[in-house]
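Q: Structure incoming, see below.
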Amino acid sequence: MAAPPGAPAPGIPLTGVHWIDVRSPELQKMFGKPDGFRTFTTTFIYGSWAGRFTFLEPMITRAHILAKKTATDSAVRDEVIPVPTAPRYSPDGYYPSAYRIAWDANAREYRIALTQLKWSN
């Protein structure tokens, strides 16, 4: 759910408010920047509940994940996506500056992980 600028952010029942970076390529057409638009494949969401930061959520299409298995380019098969970071977070802790989507042929499994963790206080 998205709200226009200046409007209260709508919450999702039992999960809270989802915050997305307005610079995300999948939103650019909506903001009048069609040249920056790209169909959604991955994005990163922050979430809050009752006014407190509560979760981090990489969102990835199933097709994007499944494409890792047949990719011949190692950078596509094991992709690291940077995450915009804030100067401070609350509560204190380790926060990712990237996430990783990979296919491990030996283990025969997909792996999705928050990576490049940095301490924030």
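Q: Could you point to the label whose value was computed as percent of Cα pairs over 18 Å apart for the structure here, given (1) 43; (2) 61; (3) 53?
A: (2)
Q: Report the number of Lys pairs in region 15-120 whose alpha-carbons are under 30 Å apart, with separation of 8 or more residues or on distinct chains.
A: Working: Lys29/Lys68; Lys33/Lys68; Lys68/Lys118; Lys69/Lys118.
For region 15-120, qualifying lysine pairs total 4.
Q: Work out, step by step, the length gained on full extension between Ala75 and Asp35: first 0.36 nm times the residue separation, then minus their alpha carbon distance; give nm to one decimal. Walk me through the numbers on the way to the answer.
A: Values: separation 40, 0.36 × 40 = 14.40 nm, distance 2.51 nm.
Net length gain for the segment: 11.9 nm.
Q: Can you tell me, using C-alpha contacts under 8 Å and at least 6 residues apart, the relative contact order of the chain as a whole percent? Spell out each step's value before the answer.
A: Numbers: 187 pairs, mean separation 18.2, N = 121.
Result for the chain is 15 percent.
Q: Just grab the label-to-label distance for Ser97 and Leu117, each label 7 Å out from Cα along the Cβ direction, in nm (one decimal).
A: Taking the two extended label points, one gets 1.6 nm.
Q: Need one number: nm distance between label points at Asp21 and Arg52, each 7 Å from Cα along Cα→Cβ, rounded to one decimal.
A: 2.7 nm
Every read-out reported here was derived from the displayed coordinates using simple, explicitly stated rules and does not represent laboratory data. Keep in mind that this is a model prediction, so the values were computed, not measured. Glycine also receives a Cβ, built like all others from the backbone with ideal geometry; neighbour counts cover every protein chain displayed.
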